[in-house]
Each structure stands twice: as structure tokens, then as C-alpha cells.
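What follows is a short report on a single structure.
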Amino acid sequence: MRCPRCSCQTDKVIDTRSTKEGAGVRRRRECLNCGHRFTTHEEIIQAELKVVKRDLTREDFDPEKIRRGVEKACWKRNVAPEQIDALVSHVMASLEKDFEREVSSREIGNRVMDELRKLDKVAYVRFASVYRDFKDIDEFITEIKVFDQKKD
């Protein structure tokens, strides 16, 4: 691994942990040149899944896009990074189970929202507001009413 601080390629592994129910490995490393500590992640690369966007273009599935969206939705909320990791892993596993080659961006967004609904109500509404492109306060109110109906 190349050190993010000095670009040296010599490091030592300090700690190794299994992540994502054994589907990945998290390694804590220390650069032997400058002493900087950093984390790397290794995971199994599944068959290449394509995402069909709203405009019908296709692009490679990137779980980091899900992670970034969820992290933004959970910003300043009492949600641990491990919970976000678990959410992303759960969504990825369900997509890989149900789809072989292509999945719509709408399906991905709906699955993320289902998981966020269980995790944090405010994060759910934040994510929904961006994902569904709310134009005014009435759309927020409608979404909150739908949320309250679904939890009963």
C-alpha cells in the first residue's frame, strides 16, 4: 500500500479485523517511512452490476456512492460508522442476491430509504429529500406523513 502522506510503499500491518460478516477485511497500517497510520479495506469483488439511471444511461455499480449519500444524510446524527457500514453491506447483499446484471437507480434508492427508515428518522427524511428531489415544504410534510403511516 502507498502511504497517503508520503507515498512510500513500505508499511506494516498493525491490526486486521473481519468486516461485513466475513466478506471483507479492515487493516490498520503504519508507514515505515513517516510513521503515519491509515486504514485499508479489502472485499470480495462481485460480478459487475450495472446501474440503470433515470435517463436510461448505464454505469458501474459503486457502493461508495451509497455510503457517501448515507453519510451525508446521517451527518450530525447519532449514527455510528459501523451502523452505516452495516446498512451499506445489507443493501449491497440484497441487490447482489436479487439482481444479476442490472438494477435501476430507483430500486437502489428505495432499498437505502427502507434501511434508513429503520436506522434514523431524520436521516431518512434528509436522504428522501435529495433522492426524490423535493421542491417545497409540502413535499417534506407529505413524506413525513407517509413515514408515520408506514411505521404503524
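No value in this document is a laboratory result; all are computed from the given coordinates. Bear in mind the structure is a predicted one, so any value in this text is a computation, not a measurement. Every residue, glycine among them, receives a Cβ derived from its backbone with ideal geometry; neighbour counts consider all protein chains shown.
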key: Dimensions (Å) - the stretch 1-59, Cα atoms, principal axes, largest first   = 48, 28, 15
inquiry  = Considering all alpha-carbon pairs of the stretch 76-122, what whole percent are spaced by more than 12 angstrom?
reply    = 64 percent
Dipole of the chain [Lys/Arg +1, Asp/Glu -1 at C-beta], most positive-end residue of Ile14, Leu116, Thr40 = Ile14
key: For the stretch 78-95 versus the stretch 117-137, the gap between their alpha-carbon centres in whole angstrom   = 17 Å
Inter-probe distance in nm under a simple model that places probes 7 Å from Cα toward Cβ, at His36 and Glu59 = 2.8 nm
ask   = Can you work out D for the stretch 57-96 in µm² s⁻¹ from Stokes-Einstein, where Rh is the Kirkwood radius over C-alpha pairs, the temperature is 10 °C and the viscosity is 1.306 mPa s?
value = 146 µm²/s
request  = Calculate the dipole size of the stretch 14-121 relative to its Cα centre from +1 charges on Lys and Arg beta carbons and -1 charges on Asp and Glu beta carbons; express the result in debye to the nearest 20.
outcome  = 500 debye
ask   = Which whole number in µm²/s is D for the chain by Stokes-Einstein, with the Kirkwood Rh taken over Cα pairs at 10 °C and 1.306 mPa s?
value = 90 µm²/s
Entries of Lys72/Lys121; Lys97/Lys145; Lys53/Lys76; Lys97/Lys150; Lys50/Lys150; Lys76/Lys97 with Cα pairs more than 23 Å apart = Lys97/Lys145; Lys53/Lys76; Lys97/Lys150; Lys50/Lys150; Lys76/Lys97
key: the stretch 88-152: proportion of alpha-carbon pairs further apart than 19 angstrom, %   = 36 percent
